[in-house]
Amino acid sequence: MSEYQRRYLPSHAVLRSFESAARHQSFTLAAGELHLTQSAISRQVKELENTVGTALFRRVGRGVVLTAAGQNLADGLAVDLENMHRTIMRAVSAGKMGAAIRVATLPAFASRFMIPRLPAFFERYPNIEVSLSTRLEPFDMSEGRFDLAVHFGKADWPGADLRYLCSETLIPVASPAFIDKHGVKGSQDLGAVPLLHLATRPFAWQEYLEDLEIDRPMAMSGKYFDQFLMIIAAATASLGVGLIPDYLIEQELQSGQLVPLHAGGMTTSNSYYLVTPQNQNNAHVTRLCDWLAECVSDREEQGRAKQ
């Protein structure tokens, strides 16, 4: 870093004081949080204002509020400090192992498909650590917070590289108790039993029943949930029939907690993709992606063997 650049890079103490004062909208509360005096916070904020060349706070009564310039700086600094925190935590997590991969994923995919299989990954790659965080929508991969993301939908994540992982097949399932209570013998009985819906896919049941040529005028009636994990719990609790991705209910199908009501399923128009920052060259992430693709391949092969 050049001497010129250093002149315009405030110290961490100055940035920390400003961030705390901006978050609290108070020099007094910032001083208490950082164990400094109020005058120390005021001096450091003044130093930052001299650096950027404009006022960052304005006095309102006994308190302070951010100016427009102060708000813009606070918003950007919050992201930068969070990235710094994640970088340090990544180093702590990796420790002497040398690698820590940050993965943004859908909660159901993580808890039902990825996490149960991770012990095998760690056995193969003991020097790679993996941390998982929930993300439901695409985000800017260039921010550097994540090395990999799992995306469900179309191949439409801007500014990133996508690798196809697998398609999705929905199958109708119910608990043995529900099947006995409602006298369900197969898919032909789906026209009259309570259905469980995913709120973000209100037409899924209607499309499925139409494919089977089953007439059900009120196909969209029933109970709605905003997560597949809730639908799995509801189906297991005998609240209705769930139309659920087969990979999410491997344990319930194997244990007999849930029973498929139709041998076939409906493959949706969306798919799962592995998303990485554009032009990223990370051998550890490649190993994780290859391993996930291998898990999908093994699962599909096991499915064909059972047929």
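None of the figures in this text is laboratory data; all of them are computed from the coordinates on show. Model, not experiment: these values are computed from the prediction. Every residue, glycine among them, receives a Cβ derived from its backbone with ideal geometry; neighbour counts consider all protein chains shown.
Annotations
- Value of Rg/Rh across the stretch 168-267 [Cα atoms, Kirkwood radius]: 0.91
- Residues of type aspartates and glutamates that residue 46 reaches as a straight line, Cα spacing below 16 Å, ignoring anything fewer than 8 places off in the same chain: 19
- Within the stretch 16-60, backbone nitrogen closer than 11 Å to the virtual label 7 Å beyond the Cα of residue 81 toward Cβ: 16-25, 30, 34
- Contact order relative to length of the chain, as percent, for alpha carbon pairs under 8 angstrom and 6 or more apart: 19 percent
- Here the extension length gained between residue 124 and residue 142 equals 3.6 nm, from 0.36 nm per residue of separation less the Cα-Cα distance.
- Straight Cα distances below 20 angstrom link residue 181 to the aspartates and glutamates 189, 252, with same-chain residues fewer than 8 positions distant left out.
- Counting neighbouring Cβ atoms within 10 Å and putting the fewest first, the residues 17, 175, 11 line up as 11, 175, 17.
- Antiparallel content of DSSP bridges confined to the stretch 168-267, in %, to 5: 60 percent
- The chain: proportion of alpha-carbon pairs further apart than 28 angstrom, %: 57 percent
- Taking the stretch 171-307 and dividing mean pair separation by its residue count, relative contact order in percent (alpha carbons under 8 Å, at least six apart): 34 percent
- Only helices enter this figure: runs of n ≥ 4 DSSP H residues, each worth -39500 (n - 2.57), summed and divided by the residues of the chain, yield -13500 deg cm²/dmol at 222 nm to the nearest 500.
- A Förster radius of 30 Å, combined with the Cβ-Cβ distance separating residue 12 from residue 298, puts the computed FRET efficiency at roughly 0.05.
- Dipole magnitude for the chain: about 1280 debye, using +1 per Lys or Arg Cβ and -1 per Asp or Glu Cβ, origin at the Cα centre.
- Mean-square fluctuations from a GNM of the chain, with a 10 angstrom spring cutoff on Cα atoms, peak among 55, 234, 74 at 55.
- DSSP-defined antiparallel bridges as percent of all bridges, the chain, nearest 5: 65 percent
- Ordering 253, 248 by the number of other Cβ atoms within 10 Å of each residue's own Cβ, fewest first, gives 253, 248.
- On the basis of the beta-carbon distance and an R0 of 51 Å, residue 268 and residue 37 show a calculated FRET efficiency of 0.25.
- Among the trypsin sites (Lys or Arg not before Pro) within the stretch 125-173, those in coil by DSSP and having at most 11 neighbouring Cβ atoms inside 10 Å are 154.
- A simple spin-label model places the labels of residue 134 and residue 163 2.7 nm from each other, with each point 7 Å out along Cα-to-Cβ.
- Most fluctuating residue given options 292, 73, 165, as computed from a GNM of the chain linking Cα atoms under 10 Å: 73
- Here the Gaussian network model covers the chain, with springs between Cα atoms less than 10 Å apart; of 67, 276, 134, 67 fluctuates the most.
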